[in-house]
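What follows is a structure written as structure tokens; I'll ask about it next.
The values are calculated or read from the model by the stated rules, or taken from the named source; none is laboratory data. What you see is a predicted model; the values in this text were computed from it and never measured. Cβ coordinates were reconstructed from backbone atoms using ideal geometry, including for glycine residues, and neighbour counts include every protein chain displayed. Remember, those area values only see protein heavy atoms, side chains included, never the ligands or the DNA or RNA. Shrake-Rupley method; radii C 1.70, N 1.55, O 1.52, S 1.80 Å.
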Amino acid sequence: TNQIIVPLDAHTDLYRSSGDDEVNDAISLQRTDLALFDLDLAERNITCNLVEVKCYSQVGDFSAFNQLKERISAQINQSERILQRHFDSELKKPDRPDRLLKCRELAQILHFYLERSLRYGIYDQTAAQESHAFLQSIEQGYSLQFRRSALIFDFEKEGTEAPESEVGIEFHRVGKDLIRALLDSCRKPVSEEIEEE
């Protein structure tokens, strides 16, 4: 709860550099689906929860599942490196000369999705006040941390299993009965504005 949900597919510009277009396209395709940002004003911490989502009618045998986990790991690692390159002031010393501009860029991205979360009613008003204060004072500095997880929606199996943790990523498998339950719990009336969005 109270995390700012950023769909990284909407921000492919972050994955581009001034180099070769073919290389940029290959890098751009290796990105995580979602970044959930948790802002802690008191500690001036930003925790970015990278979440890769996969849907399969057949995940396959043990070998195929391991290959899937390797692909997910590559996508999450790539997204973490890219976000660090843009927004982590501790990544390199000396820091990049445009740090204040990058702080503003991050604040603008997070502000946009914070406002969207408020419209959807999935962000608490008190937490939003703290998040707004953080984003308005972002140039005062912050530390950036990462958590990593993957959701594998498996249309072949029922139920779920205990999450597996490998290479710093927590893998969760969600079976078809739980997928139905999640969708049923999401069905509620929405305003026309949100529906159009």
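Among the residues of the range 75-113, write down those that are in a loop (DSSP other than H, G, I, E, B), of a type in the set (D, E, K, R) and in contact (Cβ under 8 Å) with a residue 24 or more places away in the chain. Outline the logic, then answer.
Initially, the range 75-113 is screened for residues in a loop (DSSP other than H, G, I, E, B), giving 88-98.
Now restrict to residues that are of a type in the set (D, E, K, R): 88, 90, 92-93, 95-96, 98.
If the condition is that a residue be in a loop (DSSP other than H, G, I, E, B), of a type in the set (D, E, K, R) and in contact (Cβ under 8 Å) with a residue 24 or more places away in the chain, then Asp88, Glu90 are the ones that fit.
Additional query: Read through the list (1) open to solvent by 80 Å² or more (accessible area, probe 1.4 Å); (2) in contact (Cβ under 8 Å) with a residue 60 or more places away in the chain, then give the number of the only condition that Arg148 fails.
(1)
Search the range 1-15 for residues being of a type outside the set (S, T, N, Q) and not in a helix (DSSP H, G or I), and hand back the single one that is most open to solvent (accessible area, probe 1.4 Å). First the steps, then the outcome.
Step one: list which residues in the range 1-15 are of a type outside the set (S, T, N, Q), which gives 4-11, 13-15.
Those left that are additionally not in a helix (DSSP H, G or I): 4-7.
On the way: Ile4: 0, Ile5: 66, Val6: 4, Pro7: 38 Å².
Among those that are of a type outside the set (S, T, N, Q) and not in a helix (DSSP H, G or I), it is Ile5.
Report, by residue number, each residue of the range 77-87 that is in contact with a strand residue (DSSP E or B) (Cβ under 6 Å, 6 or more places away or on another chain) and open to solvent by 20 Å² or more (accessible area, probe 1.4 Å).
Glu80
Please find, among Ser191, Ser165, Ser143, Ser131, the residue that is modelled with pLDDT of 90 or more and either closer than 23 Å to Ala10 by Cβ or in contact with a Cys (Cβ under 8 Å, 6 or more places away or on another chain) (or both).
Numbers: Ser191 fails: modelled with pLDDT of 90 or more; Ser165 fails: either closer than 23 Å to Ala10 by Cβ or in contact with a Cys (Cβ under 8 Å, 6 or more places away or on another chain) (or both); Ser143 fails: either closer than 23 Å to Ala10 by Cβ or in contact with a Cys (Cβ under 8 Å, 6 or more places away or on another chain) (or both).
The match here is Ser131.
Which residues, taken from the range 131-148, are part of a helix (DSSP H, G or I), within 18 Å of Leu100 (Cα to Cα) and among the small types (Gly, Ala, Ser)?
Kept after step one, since they are part of a helix (DSSP H, G or I), are these residues of the range 131-148: 131-136, 138-140.
Next, only the ones that are within 18 Å of Leu100 (Cα to Cα) stay: 132-136, 138-140.
Ala133, the sole residue that qualifies.
Which of the numbered conditions does Ser143 fail, given that it passes all the others? Conditions: (1) surrounded by 17 or more Cβ atoms within 10 Å (Cβ to Cβ); (2) in contact (Cβ under 8 Å) with a residue 60 or more places away in the chain.
With (1) surrounded by 17 or more Cβ atoms within 10 Å (Cβ to Cβ); (2) in contact (Cβ under 8 Å) with a residue 60 or more places away in the chain applied to Ser143, the lone miss is (1).
Taking the options Ile46, Ile27, name whichever one is of a type in the set (A, V, I, L, M), out of contact with any Pro (no Cβ under 8 Å at 6 or more places or on another chain) and modelled with pLDDT of 95 or more.
Working: Ile27 fails: modelled with pLDDT of 95 or more.
One residue alone meets the criteria, Ile46.
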